[in-house]
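Peer 1: Dropping a structure here in structure tokens format, bear with me for questions.
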Amino acid sequence: MFNTKNLVHDIKDVPIPWVFEHFCELKEKLSGQDVKVKSVFNPKEKTPSMCIYFDSSKQQYKFKDFSTGLGGDHISLVKEMTSLPFYKSCGLIVEKYNDFVLHNNGGYDLKEFKQASKYQVGHIVFRSWTSQDQYFWTQFNIGSKLLDQYRVRPLEYYKMTKDDKELYIRGNYIYGYYKEDGTLYKIYQPKTQDKKFLKIKDYIQGSEQLQGHPYLIITSSLKDIMALKSLKLSIDIIAPDSENSVIRKEMMDSYIKTYKKVVLLFDYDDPGIKAMEKYKELYPSVEVLVLPMSKDPSDSVRDFGAKEVRNRLVPLLHKKLG
């Protein structure tokens, strides 16, 4: 006999963790930990890039899918998965949850939980630049002057700590990105397949190197900034934490007011183009520029050479800047 006493009629009564567990087909129960899975929106994905995480400020689970740029709460998840409008997505969640209740003798056991401990970056040891570093960066036309200007430093290793656990991360290609005051804001590990970037602090990359040019490019990464800067363009260039991180409204409004034109130049792929479309929707006055070469500006410099990229990029910029 089915137990109907725990049936719900309002989306607010559906446990949020259950929504993620059910619709993402998670193999573990959410109890405060973050979970990384393959994108539910990108069936071709081989390396997991979708994070289901506990937002301590809201005391609830959310998701961020780095392969598509999608993110939000549990309702947004179902809305994006099904292409249903908001109210129908809510109805579907309620319907599926009630099915679960009827077939599991009473429903979901929701317990209070807190955000799980996470590894934090601790001790860092620097090293000297090597010929390997030189080879890696110069293929993007990035030399020591640019690396010094943007405060990129090679690391021997760094320590990660969580509770009483310690991990030492070593490798030949580990770089620290630093602010002017010496604060580490990101670690870049280009040869690491799973986690190339380790974000430490919120920071708009390139914001301390602005020179007061009349135009501004917003690109995807610090490597793209430096590769574009190597082309000797008379233009300021910045990058958010990633192309999936939208710069705060007050900062974007400030840039739009300060510069004659703001141009978006993200990756030449679906996530990059969708990210630019999202910016354009929020800020109609910005220009969207697509460089149809390699995946991103720095890869284009590596694959085609700095001169060819400049020759193709400058006319496109002139069209956007008028």
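The values are calculated or read from the model by the stated rules, or taken from the named source; none is laboratory data. The structure presented is a predicted model; accordingly, all values stated were derived computationally and were not measured. Methodologically, a virtual Cβ is constructed for each residue, glycine included, from the backbone with ideal geometry; neighbour enumeration extends over all protein chains shown.
Peer 1: Just checking, does the stretch 301-314 include any residue being touching a Gly at 6+ places or on another chain (Cβ under 8 Å) and either part of a helix (DSSP H, G or I) or not assigned by TED's automatic domain parsing to the domain that holds Leu198 (or both)?
Peer 2: Going residue by residue through the stretch 301-314, those that are touching a Gly at 6+ places or on another chain (Cβ under 8 Å) are none.
No: the stretch 301-314 contains no residue that is touching a Gly at 6+ places or on another chain (Cβ under 8 Å) and either part of a helix (DSSP H, G or I) or not assigned by TED's automatic domain parsing to the domain that holds Leu198 (or both).
Peer 1: Can you tell me which residue within the stretch 233-267, out of those that are without any contact (Cβ under 8 Å) to a residue 12 or more places away in the chain and assigned to a loop (DSSP other than H, G, I, E, B), is farthest from the chain's Cα centre (by Cα)?
Peer 2: Arg248
Peer 1: Scan the stretch 276-288 and report the pairs whose first residue is closer than 15 Å to Ser254 by Cβ and whose second residue is surrounded by 12 or more Cβ atoms within 10 Å (Cβ to Cβ) and of a type in the set (Ser, Thr, Tyr), with Cβ atoms within less than 7 Å and a gap of 6+ or a chain change.
Peer 2: Val286/Tyr279
Peer 1: I'd like the residue in the stretch 189-216 that is modelled with pLDDT under 95 and of a type in the set (Phe, Trp, Tyr) and, out of all such residues, is farthest from Asp236 (Cα to Cα).
Peer 2: The qualifying residue farthest from Asp236 (Cα to Cα) is Phe197.
Peer 1: List pairs: first in the stretch 86-101 and among the polar types (S, T, N, Q), second buried (at least 16 other Cβ atoms within 10 Å of the Cβ) and assigned to a helix (DSSP H, G or I), Cβ under 8 Å, 6+ apart or cross-chain?
Peer 2: Ser89/Ile75; Ser89/Val78; Ser89/Lys79
Peer 1: Counting only residues that are farther than 18 Å from Lys29 by Cβ, out of contact with any Ser or Thr (no Cβ under 9 Å at 6 or more places or on another chain) and in contact (Cβ under 8 Å) with a residue 12 or more places away in the chain, how many does the stretch 48-63 have?
Peer 2: Total meeting the criteria: 1.
Peer 1: Would the stretch 38-56 turn up any residue that is in contact with a Pro (Cβ under 7 Å, 6 or more places away or on another chain), of a type in the set (D, E, K, R), surrounded by 13 or more Cβ atoms within 10 Å (Cβ to Cβ) and at pLDDT 90 or above?
Peer 2: yes
Peer 1: Spot the failing condition for Gly176; the list is (1) of a type in the set (Gly, Ala, Ser); (2) part of a strand (DSSP E or B); (3) surrounded by fewer than 13 Cβ atoms within 10 Å (Cβ to Cβ), and only one is missed.
Peer 2: (3)
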